[in-house]
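Written below as structure tokens is the structure these notes are about.
The values are calculated or read from the model by the stated rules, or taken from the named source; none is laboratory data. Please read these numbers as outputs of a predicted model, since none were measured by experiment. Counting neighbours? That spans all protein chains shown, and the Cβs are built from the backbone with ideal geometry, glycine included. What goes into the accessible areas is simple: the full protein's heavy atoms, side chains included, and nothing from ligands, DNA or RNA. Shrake-Rupley method; radii C 1.70, N 1.55, O 1.52, S 1.80 Å.
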Amino acid sequence: MKRNNWIFFLPLVLFSCSGPKNLTGEKELPSLKKMFQQDFHIGAALSAPQIQQKDSATNRLIQKQFGSITAENIMKCEVIHPEWNRYSFELADQFVDYGRKNRMFIVGHTLIWHSQLSPFVQKIKNRDSMQLFMENHIRTIVSRYKGKVNGWDVVNEALNEDGTYRKSIFYELLGEDFIITAFRLAQEADPGAALYYNDYNIEQPKKRAGAIAIIKKLQAAGVRVDGVGIQGHWRSYKVPLQDIEESIRDFAALGVKVHFTELDLGVLPNPWDSDAADVNMKAEYSAKMNPYAGGLPDSVATQQAGSYGELFRLFLKYKDEIDRVTFWGVHDGQSWLNGWPIRGRTNYPLLFDRKLQPKPAFFKVTETKTNPSSRKSF
Ligand code: XIL
């Protein structure tokens, strides 16, 4: 070996001692999608500006961290199908192109949901027109993205908290079979796409029983249902781990995959001390309800990190039943929880902060992979 050859090995030695560094010498952040590659997809819901790649730093973060994307709003009826005979596909096309270009698992959200409906749908008064709307809507949208969108939230939030059917316009006009109709139409339009029933609080026993009944009903009707989406809008200080574990087992026992579709762990008080994530719930602003406007206290960040860690340890325990864990947003600054159920609050529900920096929660999540002994409790 020549005298100075060791110098060529120096970068390699440094690299292997301290993990990858970027050009400025900072330690590079691990990639969630790579770390959990063998376990389940790690996804994020994207807003319209994110789909349009308006901010390059956010865009780099998305591409590095997330292997699956869900449309946060732009595939909802009020955006994609504003009038009987008019669809607006521009943003949805961009969303699907973005996912394909980046080889992501693409989720369409959502075909049949009582919220964010176009005014023309809210005015439908009879069974035949509603049936026709569903046929047009599902066939047109799903067939446009046939072979491109990997999975659809076919029906969203059809249940009340006690597990009975929500009296939505679909239920009122078509009865409970509207769910079977929706899944059948989606299956016909793209036999290759995975089809999900998605809802919040279906980890809770009564509502879970309702979701189980829906899945069994679809199966009995010979209609394919591939997965159930547990939204996962939980409060950081009150994550129902036991119920979540039981639901993973119960849903898996039906032969469907479990997806955590809208995960965020809010840190703010809830005005009704409720776990419901109904987008139509609203409360008045008060300073008491917005305690961390000046910043997230360390103690709260640590508490939240612990909750995320526990959740991901549970997810890893059941990785064979879980296909995907999607966060409802990319960073705290753009989370819907800053505006719901009270406008103008400052919430901190995600793994990245307003400056796109990883929070303690990010590191607790990655630790579940790098430090298996931290998994002992399960
Ligand atoms: C939310 C979006 O994040 C907001 O931007 C929008 O104003 C309201 O809807 N359950 C769902 C999601 O299934 O579609 C909702 O998304 C959050 C609750």
*Once the principal axes of the Cα atoms of the chain are found, what is the range along each, listed largest first in whole angstroms?*
85, 48, 40
*Which value, in nm² and rounded to one decimal, describes the direction-averaged projected area of the C-alpha convex hull of the range 54-151?*
6.6 nm²
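Just to be sure I understand: of the beta bridges DSSP finds with both ends in the chain, what percent are antiparallel, rounded to 5?
On the way: 4 of 39 bridges.
Bridges in the chain that DSSP calls antiparallel: roughly 10 percent.
Report the relative contact order of the chain, percent, no decimals, based on alpha-carbon pairs under 8 angstrom and at least 6 residues apart.
Values: 646 pairs, mean separation 56.5, N = 378.
Rounded, it is 15 percent for the chain.
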_To test your reading of the geometry: what angle, between 0 and 90 degrees and rounded to tens, separates the Cα axis of helix 127-144 from the longest principal axis of the chain?_
30 degrees
*Hull surface divided by four, with the convex hull built on the Cα atoms of the range 213-319: how many nm²?*
8.4 nm²
_Selected from ASN136, ASN280, ASN150 as most flexible by GNM, with the chain as the system and alpha-carbon contacts under 10 Å_ = ASN280
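Ordered by packing density, taken as the mean number of other Cβ atoms within 10 Å over each peptide's residues, highest first, how do 200-209, 49-58 rank?
Working: 200-209: 21.0, 49-58: 15.1.
Ranking the peptides 200-209, 49-58 by packing returns 200-209, 49-58.
What is the percent carbon and sulfur in the accessible area of the range 182-271, measuring with a 1.4 Å probe over the protein chains and ignoring ligands? If you can, show how the numbers build up before the last one.
Details: 1410 of 2770 Å².
Roughly 51 percent, rounded to a whole number.
What accessible area per residue comes out for the chain, rounded to a whole number of Å², with a 1.4 Å probe? Intermediate results must be reported in sequence, preceding the final value.
Values: 17080 Å² over 378 residues.
Using a 1.4 Å probe on heavy atoms only, each residue of the chain averages 45 Å².
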*Angle in degrees between helix 298-317 and the longest Cα principal axis of the chain, rounded to the nearest 10*: 70 degrees
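For the range 138-200, what is the Kirkwood estimate of the hydrodynamic radius, computed as the reciprocal of the mean inverse distance between distinct Cα atoms, to one decimal in Å?
12.3 Å
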*Would you mind computing Rg(Cα) / (2.2 N^0.38 Å) for the range 159-276, counting N as its residues?*
1.10
_Three-way shape call for the range 315-378 based on the alpha-carbon gyration tensor, with the a/c threshold at 1.5_ = prolate
*asked:* I'd like the orientation of helix 178-189 relative to the chain: the angle between its Cα long axis and the longest Cα principal axis, in ° from 0 to 90, rounded to 10.
replied: 70 degrees
*Using only the alpha carbons of the range 287-353, determine the length spanned along each of the three principal axes and report them from longest to shortest in whole angstroms.*
44, 23, 18
*Heavy atoms only, probe 1.4 Å: what % of the accessible area of the range 39-171 goes to carbon and sulfur, would you let me know?*
45 percent
